[in-house]
Amino acid sequence: MAYKKYLAELVATFGFVFLAAGSVLTNQFTQGRLGITGIALAHGLALMAMIYAVMSVSGAHINPAVTIAMWVTKKINAKDGISYVIAQLIGSAIAGLFLLWIFPNGKTINFGAPALASGVTLFGGILIEAVFTFFLVLTIYGVAVDKRSPSGPVGLAIGVIVIVALLVAGPLTGAALNPARAFGPALVANFWTNQLVYWIGPIIGAIIAGLFYNNLLLGKEVKAKKV
């Protein structure tokens, strides 16, 4: 039944946002003991776990930008695409509420919502998010969409690119690469400064990656898997 796919996206996005943003809050609670490396690992490992948890049910998008790229390249229909995005945002909002309850002092860092570092402009933030989301979605198409890809650790490959993105771009924009990662924490914190960066950048990067892989790397002779 279709609702199972939507429920899987909701729960997986809840789990990812809760664990990823929670690592930022835990880092604050422990006076920086996790550091950027710990936060990066938390993001990548949380996403990897959620991918393995729901891949067989929904394809494990866990990201509105990924879903939009899949829709643009006709890997998912409009009804499922819209339902996936709604489910992902609901899951993100629920994660934000849990963060609010568990970390009541987290308002000082907006419950882990990503933010631009000092000196990073709006355009610069969009560009950074777009570039790193491009690499994320390129990896997703390569390991999870392309039927020629060897069977193997799909979630590991995707988790690794997220870890690398956090290590490199985390100090600049938070490296959300995912509108849902930004939405839930921002909602409970009522923190909307530069929120568009985390929608425009990832969506542009995801669409470009999806079209690039689908039209130039797959070719007409190869059909991609629907996810």
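The values are calculated or read from the model by the stated rules, or taken from the named source; none is laboratory data. This structure is a prediction, so every number in the text was calculated from the model and none was measured. Quick reminder, even Gly has a Cβ in these numbers, built from the backbone with ideal geometry, and neighbours come from all protein chains shown.
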(Q) Val188 - would you say it is over 12 Å from the mean Cα position of the chain (by Cα), under 20 Å from Met48 (Cβ atoms) and assigned to a helix (DSSP H, G or I)? (A) no
Q | Gly152 being of a type outside the set (Ser, Thr, Tyr), at pLDDT below 95 and assigned to a loop (DSSP other than H, G, I, E, B) | A | yes
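Report whether or not Phe183 is within 26 Å of Trp101 (Cβ to Cβ), in contact (Cβ under 8 Å) with a residue 60 or more places away in the chain, part of a helix (DSSP H, G or I) and in contact with a Leu (Cβ under 9 Å, 6 or more places away or on another chain).
Values: within 26 Å of Trp101 (Cβ to Cβ): yes; in contact (Cβ under 8 Å) with a residue 60 or more places away in the chain: yes; part of a helix (DSSP H, G or I): yes; in contact with a Leu (Cβ under 9 Å, 6 or more places away or on another chain): yes.
Judged against the criteria, Phe183 is a match.
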Q.
I need every pair where a residue in the range 64-78 that is part of a loop (DSSP other than H, G, I, E, B) has its Cβ under 7 Å from the Cβ of a residue that is of a type outside the set (D, E, K, R) and modelled with pLDDT of 95 or more, sequence separation at least 6 or different chains.
A. Thr73/Gly210; Thr73/Leu211; Ile76/Thr67; Ile76/Met70
Q: Exactly one condition in (1) touching a residue at least 60 places away in the same chain (Cβ under 8 Å); (2) surrounded by 18 or more Cβ atoms within 10 Å (Cβ to Cβ) is not met by Thr139; state its number.
A: (1)
Q: Go through the range 27-53 and give me each residue that's touching a residue at least 60 places away in the same chain (Cβ under 8 Å) and polar (S, T, N, Q).
A: Gln28, Thr37
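Would you call Ala209 touching a Leu at 6+ places or on another chain (Cβ under 6 Å) and closer than 25 Å to Asn77 by Cβ?
yes
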